[in-house]
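Everything below concerns the one structure shown next.
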Amino acid sequence: MDPTKTNFRSGFVAILGRPNAGKSTLLNALLGAKLAIVADKPQTTRTSILGVWTEMPSKNRPGAQIIFLDTPGINEPKTLLHQRMNAKIREALNGRDVILFVVDASRPFSKADEEALQWIHGLSTPVVLVLNKIDALASKATLLPLMAHYNGLREFAEIIPISALTLDGVERVREAILSRLPPGPQYFPADYLTNQPERFLAAELIREKILHYTHQEVPHAVAVLVDQWEETQSRAGPLTRILATIHVEKPGQKTIIVGKKGEMLKQIGTAARLEIERLLNRKVYLELFVKVSEHWRDRPQFLNELEQSALSHMDDAP
């Protein structure tokens, strides 16, 4: 069925919220695929990640396409990296049809939550408040006063309690978006997921495993750059050879990531390789190096290189 001959709807949706609110988990749940890395550490998402969900027209539904933009967590701009992350959030709010404001409902309302609301102050765009992590609540009764509190601070288009982890309520979020999308074209092919290059996604998966396996002092100071990407043929079929460098700010952080006799780095590499193989649907040879790059979060040249890794080779996007 031709989308141009139906009441096809399409639009752009920004996902906004504080660190650890579960924005990336929600994006993955809405897409039905793992695109954004997930970890229980702040600053897991550092750049805006585009994801596309498409429902083709059928007898019962006209079809729709939602272009999501997952943004970094709202942070106090302590470093140049934080400043650039906040700039990504500001960019993501322009020209959106719907904004999902995601809140960790398992945490008490705080001053930081109040400050985060300033990002959507004065916006005419419909804002859907998503109260996430209800699976972590001791009692669902605490939701009502939290909903009432947010309602008293701002008028929301809708308030939806969910668990992105268990998918409880996720479909209701999708329907809330679809009901607010304008008629529009199909911007991307039906099987299109993201414009992020494979190199960037691979680097993010490596970083995800570092966040998962290492101590609290490491995550903020870790960046991953792919130095070499080579497509070859092996006896078993297509093989992708990836050489990547893990950048940290202190020698002690390097020691943590490498681990005793290199065991931690080996564990990180094995877990990352398996995820990258699932992403690429082919065998991967992954070699990791660790380098101390002092104060990289405040070095414009290094941050430019990181940003370029998310923009280059766009034609390689899966």
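Structural remarks
- Residue within segment 259-272 that is in contact with a helix residue (DSSP H, G or I) (Cβ under 7 Å, 6 or more places away or on another chain), assigned to a strand (DSSP E or B) and surrounded by 15 or more Cβ atoms within 10 Å (Cβ to Cβ) present: no
- L239 among the hydrophobic types (A, V, I, L, M, F, W, C), surrounded by 15 or more Cβ atoms within 10 Å (Cβ to Cβ) and either modelled with pLDDT under 90 or assigned by TED's automatic domain parsing to the domain that holds E55 (or both): no
- Among the numbered conditions (1) buried (at least 23 other Cβ atoms within 10 Å of the Cβ); (2) modelled with pLDDT under 85, the only one that L26 does not meet is (2).
- The set of residues in segment 56-103 being at pLDDT 85 or above, more than 17 Å from H121 (Cα to Cα) and crowded, with 19+ Cβ neighbours inside 10 Å consists of G63, A64, Q65, I66, I67, F68, L69.
- Selected residue [of a type in the set (G, A, S), over 21 Å from the mean Cα position of the chain (by Cα) and more than 30 Å from P62 (Cβ to Cβ)] from G184, G152: G152
The values are calculated or read from the model by the stated rules, or taken from the named source; none is laboratory data. These figures come from a predicted structure and were not determined experimentally. Don't worry about glycine lacking a Cβ; one is built from the backbone with ideal geometry, like all the others, and counts go over all protein chains shown.
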